[in-house]
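Here the structure is laid out as structure tokens; the discussion comes afterwards.
The values are calculated or read from the model by the stated rules, or taken from the named source; none is laboratory data. All values reported here derive from a predicted model rather than from experimental measurement. As a convention, Cβ positions derive from the backbone with ideal geometry for all residues, glycine included, and neighbour counts pool all protein chains shown.
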Amino acid sequence: MRKTPDIIQEFFSFNPYLTFMKRQTVFTLLIIAFVLSFFVTPLGDYSKIILNRVFATSPTIITPEKRGKIADYDWKLKNENWKFINFEEAKGKVVFITFWTSWHMPSQAQLKDVQYLFDTYGDNMKFYVITNEERAPVELFMNEQGYTFPVTYQIIGEPSPISLLKPPGSYLIDKDGSIIIHQNAIADWDNEKINNLLNELISE
């Protein structure tokens, strides 16, 4: 007597429609598993970071007549060593400011570009990569990710010369204090347009 599994296998092999449906079911299950992986696995976190980077666009450069200007650079902050600093040290220099937190996915996605900017222009402009987190989780995140740009810690309640943006909002400021870019969302900072702009601002 033939075994039941053999009969079932033969039935599917001689029925193209059922074979197609079986493959479709497997494909559908794989798609569902892939989508679920975005929410319940470490792979999902990595995938979401990649997607954030893929859909990020180059920041908009504000036209000269619409640019705001920093009048007072007095802004107390803390550097990566938890020492007090003042934003006045940036006066007369090109400045990049971005706000971030270690747990925020769009922030994580943008930090690769921040590292690129710092590696490329760190000797010629000031960087303020600002977080309102405590020092310990920030240092842990930086060590795990291998980032070397300087972290700046916001002092809660301290008056600031610019609006404090939600992560990963960013500013680009020229040597005269004019706000060249005011970006509220994740952006692609590693592109020819931004490189040309930074080179121009630094050389002025």
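Brief remarks follow.
- Selection count, region 184-204, where residues are modelled with pLDDT under 95 and exposed (fewer than 15 other Cβ atoms within 10 Å of the Cβ): 1
- Residue within region 89-108 that is of a type in the set (F, W, Y), in contact (Cβ under 8 Å) with a residue 60 or more places away in the chain and assigned to a strand (DSSP E or B) present: yes
- In region 133-183, residue surrounded by the fewest Cβ atoms within 10 Å (Cβ to Cβ) [restricted to those that are in a loop (DSSP other than H, G, I, E, B) and among the charged types (D, E, K, R)]: E134
- Unmet requirement for N81, which otherwise passes all of (1) of a type in the set (S, T, N, Q); (2) part of a helix (DSSP H, G or I); (3) modelled with pLDDT of 70 or more: (2)
- Within region 189-204, being part of a loop (DSSP other than H, G, I, E, B), in contact (Cβ under 8 Å) with a residue 60 or more places away in the chain and out of contact with any Pro (no Cβ under 8 Å at 6 or more places or on another chain) holds for D190, N191.
- N124 exposed (fewer than 15 other Cβ atoms within 10 Å of the Cβ), more than 19 Å from I194 (Cα to Cα) and not hydrophobic (A, V, I, L, M, F, W, C): no
- Of all residue pairs spaced 6 or more apart or on separate chains, none has beta-carbon atoms under 9 Å together with a first member in region 70-86 that is outside the structural domain of I156 (by TED's automatic domain parsing) and at negative phi and a second member that is crowded, with 17+ Cβ neighbours inside 10 Å and assigned to a loop (DSSP other than H, G, I, E, B).
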